[in-house]
Amino acid sequence: MRNVFLFIRRYFTFISFVLLQVLALSMLFRYNKFQRAVFLGKANEITGYFNSQYDNVDDYFHLKEENQRVHRMNDSLLNLLQGNFMKIDTGSHVITDTIRYDTSQMVRKYLAKEAKVVTNSINGMKNYFQINRGAKQGIKDNMAVINSDGSVAGQVVGVSENFSQVMSLLNVHTTVSAMMKKSRNNGRIEWDGQSPFYLTLRNIPKSDSVMVGDTVLTGINSYNYPPGWMIGTVADIVEDKSTNFYVLRVRPSANFQNLQQVFVIENLQREEQVALDKATQKKVDELNKRRQ
Amino acid sequence: MNDVVRNVFRFIFFIVLQIYVLDNVPPLHRYIIPMIYYLFILWLPFSISRFWLLIIGFLTGLSYDYFTVTPGLHAAACVLIAYFRPFIVNILIPKDTSEFNYSEPSAKAMGWAPYAVYVLILSVFHHGYILLLELLDVGNFLDFLIKVVSTTAISVLLIFTAEILFPRRLKYRTNTA
């Protein structure tokens, strides 16, 4: 017993070094696995406070660009107003039914909420940014985040009371369903962790005539991202002889360096869609089991 | 100023500098990642015990991690350099304590060449370890090598710039304390 104590006393520094390393590494790997874990919680609130203080000052340096982006977005929305359109057929006229119930009533699928980026990083291989809206404001995991000019920025991965952590497109774990605007062919966007100025688009078949400068939008194969939002433009076409698919380098239209005002977009039918997906999977599995 | 108070201020200063200035530098190139916050550990007094050095290193790394959302990554690297710091200091400073009476590592205290070696070795350890952990997760080996060299070069450049631009008023170690 005495020897054990002597051993501990002799190698006390080394043992504490190993213990601290194990603690740090276990935090690191656990967090990577579950994406959010214990870490976001109180810590998020504290760093969030400091980050928003800093952000109050930093805002002034980006006001001009931000204004231009918002103005452009407003412009595009203005052109969608009902008042801009008129019926050509003068023979028809609108009759208002006495029962005011519109059977062709639209159901809302996507709901946008505004938020503000308080801290941002683009230097690492796994980049995240923090926004100043959290669970109290109705932010949930997996919501899409869109920049103020309507280009895709990322996806919520962690929520605390008043802040949320967003996984940027510039993150090696990101995959986003995407489609070519011209042909509506679906592929997926990834990031290789190298240049923050280029994303990679895969799975676009070679039968598609892709040209440099073509627009890439968010695709339909996603529960999180609303389809039809701009991701970027094709910057380079890499010929991959071994497959029938293109590898396209895409220049993102969002400027990740100065994200300021963003929109968080909620898919109101996400749960239903996911539940249906799971139920189908279960049924198929059961069928397969019975067949065996 | 009291040693403790001074180091607390230094700690806050380095973390804030790293998060709000260096991490916000526009991307010049993907290999250029400026890092200086761990200079806090390099500048801690000689007299600090090895155990407390480890604890302080861990807390420094962890508080930076809270802002970068990489729990444990920088903490692990800081604990590593905090562990190896006393060994390297022992090799580099003169054994005769009557000649050597500065309280913390600096170019003036250790001489330029030993100080450069001290900074270089610990920078390589710090960046090498962080990038190795990143390599295990994602990335390729050539990238890893280039990044270790480039980030170390940038950090050493920053540290020496700081050393030349802001000379610290060095306190002497006395026997009375």
Subject >> Residue selected from the range B:127-169 under the condition over 18 Å from the mean Cα position of the chain (by Cα) and assigned to a loop (DSSP other than H, G, I, E, B), by the criterion nearest to the other protein chains (Cβ to nearest Cβ) >> reply: B:Val138
Original post:
Which residues, taken from the range B:1-47, are in a helix (DSSP H, G or I) and more than 23 Å from A:Phe50 (Cβ to Cβ)?
Top reply: B:Asp3, B:Leu42
**OP:** Residues being of a type outside the set (Ser, Thr, Tyr), more than 30 Å from A:Glu266 (Cβ to Cβ) and either modelled with pLDDT of 90 or more or under 25 Å from the mean Cα position of the chain (by Cα) (or both): count how many of those fall in the range A:211-248.
**Re:** 8
Subject >> Every pair of residues 6+ apart whose Cβ atoms lie under 7 Å, when the first sits in the range B:50-73 and is more than 7 Å from chain A (Cβ to nearest Cβ) and part of a helix (DSSP H, G or I) while the second is of a type in the set (Lys, Arg) and buried (at least 24 other Cβ atoms within 10 Å of the Cβ) >> reply: B:Leu53/B:Arg85
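I'd like the full set of residues that are under 25 Å from B:Val25 (Cα atoms) and either in contact (Cβ under 8 Å) with a residue 60 or more places away in the chain or more than 14 Å from every other protein chain (Cβ to nearest Cβ) (or both), limited to the range A:127-149.
A:Asn127, A:Phe129, A:Gln130, A:Ile131, A:Asn132, A:Val145, A:Ile146, A:Asn147, A:Ser148, A:Asp149 - these are the residues of the range A:127-149 that are under 25 Å from B:Val25 (Cα atoms) and either in contact (Cβ under 8 Å) with a residue 60 or more places away in the chain or more than 14 Å from every other protein chain (Cβ to nearest Cβ) (or both).
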Subject >> the range B:81-93 - residue that is under 22 Å from B:Leu17 (Cβ atoms) and not basic (Lys, Arg) and, of those, farthest from the other protein chains (Cβ to nearest Cβ) >> reply: B:Ile81
Original post:
Where residues in the range A:111-140 are within 14 Å of the chain's Cα centre (by Cα) and of a type in the set (Gly, Ala, Ser), which of them is farthest from A:Val262 (Cα to Cα)?
Top reply: A:Ala112
Subject >> Criterion violated by B:Leu122 - all others in (1) of a type in the set (A, V, I, L, M); (2) within 11 Å of chain A (Cβ to nearest Cβ); (3) under 24 Å from B:Met110 (Cβ atoms) satisfied >> reply: (2)
**OP:** Would you please name the residue that is surrounded by the fewest Cβ atoms within 10 Å (Cβ to Cβ), looking only at residues in the range A:203-233 that are farther than 24 Å from A:Glu66 by Cα and of a type in the set (A, V, I, L, M, F, W, C)?
**Re:** A:Met211
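Checking the structure you have, find out if any residue of the range A:245-262 is of a type in the set (Ser, Thr, Tyr) and crowded, with 18+ Cβ neighbours inside 10 Å.
Taking every residue of the range A:245-262 in turn, at least one turns out to be of a type in the set (Ser, Thr, Tyr) and crowded, with 18+ Cβ neighbours inside 10 Å.
Is there a residue being modelled with pLDDT of 85 or more and within 14 Å of chain B (Cβ to nearest Cβ) anywhere in the range A:90-111?
No: zero hits.
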Original post:
Of all residues in the range A:156-202 being buried (at least 18 other Cβ atoms within 10 Å of the Cβ) and among the small types (Gly, Ala, Ser), which is nearest to the other protein chains (Cβ to nearest Cβ)?
Top reply: A:Gly193
Subject >> Lone qualifier among A:Tyr128, A:Tyr49 - being part of a helix (DSSP H, G or I) and modelled with pLDDT of 75 or more >> reply: A:Tyr49
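The values are calculated or read from the model by the stated rules, or taken from the named source; none is laboratory data. Model, not experiment: these values are computed from the prediction. Reconstructed Cβ throughout: ideal geometry from the backbone, glycine too, with neighbour counts over all protein chains shown.
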